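What follows is one structure encoded as structure tokens, with my remarks underneath.
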Amino acid sequence: MRELTAEIREQLKEMIYGFFAEECEVELSELNEETNITDDLDGDSLLFVELIELTKKKFQLDIQLQTIGKYLLKNPAETIGQVIDTTYLIYQHGNDIVNLGA
Amino acid sequence: MADNEKIKSGIVWLEAVDNIGIASIHNGIQNKISQPDFMDLEFFKEWIYRQKLKGLIITGQGRHFSAGADIDTIKANKHNTDYLKDALKKGKEILSYIETLPIVTVAAVSGVCFGAGLEIALSCQFRIGTENSVLALPEANIGIMPGLAGTIRLPRIIGKSKAIQMIISGRTINAEEAFGMGLLDKVVPAKMHLSSAKQYIEELVQNKSHQQINSIIQSVNNSITEINETAMNTEGNMFAKLVEEGEI
């Protein structure tokens, strides 16, 4: 399991907020952990696909979208806070995230 | 038909601006390809003929190019494979027509470009993608395979071994990797895909006549679709016609 340091947590959080602000064309100040990606940002599940690719590239992670998708079916991430928590788990567990309990 | 007028065929909106046609896939946020024959081919042919285009851009309306086929439609026809085969044949005819158009064709890709969406993009001569583009042929992950000639066009573009790896794994490819393997011809900043595609075409065709563009692309197409002797003879005829009628 990869170590999730405070520094990495902050980098991931910053990346996620920046991603949603840019993709959904909203100010960073309008976003918080309760922001719902579908209802508040008119987003969709495909945004998560882009975010995973960005995370893979930025943090050199070897993860498959298919495995993340299986995890998300059992553990949907609907708010920015939930996306951040899921991304922490992806960083720590990689493809083994699929073996984590619901 | 006046320039700039938008018309719709199937899930595609068509418009022409400055002799460049723009075909936008427009089907919800994800731009799903609801059926393989996603637009009326005869209608499209007639539109292309009327516009006297130098280039055509295919893109997706909104954030994504296309999330691919509608899996529910495929599942609903699990026991109606004759329908599926017929629809795929019609879809392939649309893509073959696009592939053999004697004008410059560019797929302007943004966001997700999966499955049937990527197969549409593969029918173009060039693909320009934004930095956030994600491409895949993920059909193998759900027990099927690409059905709109993805297994045929992808190896021609990126080579056999890379195509087999990408199709069997169904893995996602980011813009940087896609550019490295030749799947994207250019990577541009987010939201710049359409303007970059227009600029790409304009730069390529500037100071060239319609006849030159049509002849050059038709002759290159002939190198793939015709026997060598026919392609050689046709090239000679085109050359002679340009000398006879051109400004040389």
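Tabulated results
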quantity: Matching entry among A:Thr55, A:Thr5 (being among the hydroxyl-bearing types (Ser, Thr, Tyr) and in contact (Cβ under 8 Å) with a residue 12 or more places away in the chain); calculated: A:Thr55
quantity: The stretch B:38-81: number of residues that are among the aliphatic types (A, V, I, L, M), assigned to a strand (DSSP E or B) and closer than 13 Å to B:Ile11 by Cβ; calculated: 2
quantity: Residue satisfying all of: in the stretch B:1-24; part of a strand (DSSP E or B) and closer than 23 Å to B:Tyr83 by Cα; farthest from the other protein chains (Cβ to nearest Cβ) among these; calculated: B:Ser9
quantity: The stretch B:53-77, subset β-branched (Val, Ile, Thr) and closer than 20 Å to A:Asp44 by Cα, residue surrounded by the most Cβ atoms within 10 Å (Cβ to Cβ); calculated: B:Thr59
quantity: Scope the stretch A:60-94; condition surrounded by fewer than 16 Cβ atoms within 10 Å (Cβ to Cβ) and within 14 Å of chain B (Cβ to nearest Cβ); matching residues; calculated: A:Gln60, A:Leu61, A:Asp62, A:Lys70, A:Leu73
quantity: Out of B:Leu242, B:Leu194, B:Leu184, sole residue that is among the hydrophobic types (A, V, I, L, M, F, W, C), farther than 12 Å from B:Pro102 by Cβ and not in a helix (DSSP H, G or I); calculated: B:Leu184
quantity: Matching residues, the stretch B:36-66, being at positive phi and touching a residue at least 60 places away in the same chain (Cβ under 8 Å); calculated: B:Lys52
quantity: Residue identified as surrounded by 15 or more Cβ atoms within 10 Å (Cβ to Cβ), within 14 Å of chain A (Cβ to nearest Cβ) and among the hydrophobic types (A, V, I, L, M, F, W, C) among B:Leu122, B:Leu204, B:Leu148, B:Leu135; calculated: B:Leu135
quantity: Selection count where residues are of a type outside the set (Val, Ile, Thr), buried (at least 16 other Cβ atoms within 10 Å of the Cβ) and within 14 Å of chain A (Cβ to nearest Cβ), scope the stretch B:25-35; calculated: 4
quantity: Conditions (1) aliphatic (A, V, I, L, M); (2) more than 19 Å from the chain's Cα centre (by Cα); (3) buried (at least 18 other Cβ atoms within 10 Å of the Cβ): number failed by B:Ile213; calculated: (2)
quantity: Filter pass, B:Leu118 being in the same structural domain as B:Arg171 (by TED's automatic domain parsing), of a type in the set (A, V, I, L, M) and either over 29 Å from A:Val49 (Cα atoms) or part of a helix (DSSP H, G or I) (or both); calculated: yes
quantity: Test for B:Lys90: is it of a type in the set (D, E, K, R), more than 13 Å from the chain's Cα centre (by Cα), part of a helix (DSSP H, G or I) and away from chain A (no Cβ under 14 Å); calculated: yes
quantity: B:Gly170 within 14 Å of another protein chain (Cβ to nearest Cβ), over 13 Å from the mean Cα position of the chain (by Cα) and without any contact (Cβ under 8 Å) to a residue 24 or more places away in the chain; calculated: no
quantity: Near pairs, Cβ below 8 angstrom, 6+ apart or cross-chain, from the stretch A:8-22 (within 14 Å of another protein chain (Cβ to nearest Cβ)) to any residue that is surrounded by fewer than 17 Cβ atoms within 10 Å (Cβ to Cβ) and of a type in the set (Phe, Trp, Tyr); calculated: none
quantity: Candidate set: the stretch A:26-59, residues that are more than 12 Å from the chain's Cα centre (by Cα) and among the β-branched types (Val, Ile, Thr); chosen: the one farthest from the other protein chains (Cβ to nearest Cβ); calculated: A:Thr35
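The values are calculated or read from the model by the stated rules, or taken from the named source; none is laboratory data. Note that the structure is a prediction, hence the values are computed from the model and not measured. Glycine also receives a Cβ, built like all others from the backbone with ideal geometry; neighbour counts cover every protein chain displayed.
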